[in-house]
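Structure record follows, encoded as structure tokens.
The values are calculated or read from the model by the stated rules, or taken from the named source; none is laboratory data. A quick note: this is a predicted structure, and the numbers were derived from the prediction, not measured. Methodologically, a virtual Cβ is constructed for each residue, glycine included, from the backbone with ideal geometry; neighbour enumeration extends over all protein chains shown. Heavy atoms of the whole protein, side chains included, go into the accessibility calculation; ligands, DNA and RNA do not. Shrake-Rupley method; radii C 1.70, N 1.55, O 1.52, S 1.80 Å.
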Amino acid sequence: MKLPAKASAPEPTRRRVEEEAARLRSKGLSDLGYKDAELERLGRLAAMIKSLKDERGAVIPVHVYQRPEIIHGIADFVGDSYKLSKLCGQAKAPFIVFCGVSFMAETAKILNPAKTVLLPSPEAGCSLSESITGAEIRLLKSQHPGAPVATYINTSAEAKAESDVIVTSANARRILERLYGEHEKVVFLPDMLMGQNLARQLGKKPGRDIILWKGTCIVHDSFDAASVSLCRGMYPGVKILAHAECSPGLVSTVDFVGGTGDMLRYIESTPAPFYMLVTECGLGELARSRFPEKRFVPMCRLCPYMKSVTLERVLKALESPARANVVEVDPRVQDRARKALERMFELAEG
Ligand code: 13P
Ligand code: SF4
């Protein structure tokens, strides 16, 4: 693999730094506790990243769980896994600098293999993605012949290549409904809790109609139904929204369950005195900046993988990418993984 040539960002003028710091402030970062000196430091980095991004011809997709300085400082587009995969597949820029976790950057590479995809934080994994291998999926397929394998996007390229269709939190229900139109049994991997939630919504029996795996998200699995319910009594009229990776016990007590994009749309369209988001902290911070007139009850956990991306690391990846920053997908799995992703786009939108 040939590494991209090194480049260095010019030192921004004092005025540019102040402009960037002011923009971060206007997006509510001071309210989140960022001090002026920190905003200036981040403003300088954002200005350097932007000038190098333009010079290199790079696009920066950002997941909603990323740090606020990344979302508001350097993103070309911000979204959930579905939106990011769709837009990365259509990206025209020669470089995609992915601010998110490894499976997301890998998906961008699978969908747009001619581009150089850079991952600023190469160790940004995901507990779901690490829970299953291609070999384990092959074994499951041999145990359930004829049952289509629907695999959550939070998986490796190798796992995707063994799957019939990929799903995200935004379309899992719709895609499974369509699969059940033609099959009695579906293998759904690897998120056990999301699978149990889908089984309940669709009236399917785990172990018989829906075959599940034992993966969980370390962030969403850590919320408990009792403490979430306690908040309902404290904030009359609160609307509680949970990510679809939370446990069925918790999901059965909330007002809305879905992916991060669905949660933002629900807040926008549903009036309420308070909202509580049971998910990674980044979504609550983003919701606060998008809907400053609305009130949010704090309840969140940090994803250590998502939060390992920093502006310093983005700048370093753009200036002098190391081998580990450049996302490579084995060509033997790339085409098969792309087919499963394209099937997702067909079933989700068709
Ligand atoms: P979304 O696709 O809903 O943004 O979920 C991604 C994720 O990693 C949730 O933990
Ligand atoms: Fe993976 Fe959970 Fe982090 Fe999302 S929040 S990237 S599912 S560990």
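What three numbers, in Å, describe the spread of the alpha carbons of the range 205-350 along their principal axes, ordered from the longest?
Between the extreme Cα coordinates on each principal axis of the range 205-350 lie 54, 48, 31 Å.
Expressed as a whole percentage, what fraction of the accessible surface of the chain belongs to carbon and sulfur atoms when a 1.4 Å probe is rolled over the protein heavy atoms?
Exposed carbon and sulfur together represent 52 percent of the surface.
Sort by residue number and report every cysteine in the chain with no other cysteine beta carbon within a distance under 4.7 Å.
88, 99, 126, 217, 231, 246, 303
Could you name the lysines in cross-link range of residue 204, using Cα to Cα under 25 Å and dropping any fewer than eight places away on the same chain?
List returned: 141, 160, 185, 214.
May I ask for the distance between the Cα centers of the range 272-350 and the range 72-135, given as a whole number of Å?
8
Just for the chain, what percent of DSSP beta bridges are antiparallel, to the closest 5?
Just about 5 percent of them are antiparallel.
In sequence order, what are the phi-derived ³J(HN,Hα) couplings for the range 108-113 according to the Karplus relation 6.51 cos²θ - 1.76 cosθ + 1.60 with θ = phi - 60°, rounded to whole Hz, with x for glycine and proline?
Rounded to whole hertz, the list is 4, 5, 4, 7, 9, x.
For the chain, what is the accessible area per residue in Å² when the probe is 1.4 Å?
42
In this model, which of 86/316; 239/307; 6/83; 50/339; 2/109 are farther than 22 Å apart at the alpha-carbon?
Table pairs above 22 Å Cα-Cα are 86/316; 239/307; 6/83; 50/339.
Using only Cα atoms, figure out Rg for the chain and give it as a multiple of 2.2 N^0.38 Å.
Relative to the rule-of-thumb radius for its length, the chain sits at 1.01.
For n ≥ 4 DSSP H runs only, could you compute -39500 (n - 2.57) per run for the chain, divide by its residues and tell me the 222 nm figure to the nearest 500?
Value at 222 nm, helices only, nearest 500: -13500 deg cm²/dmol.
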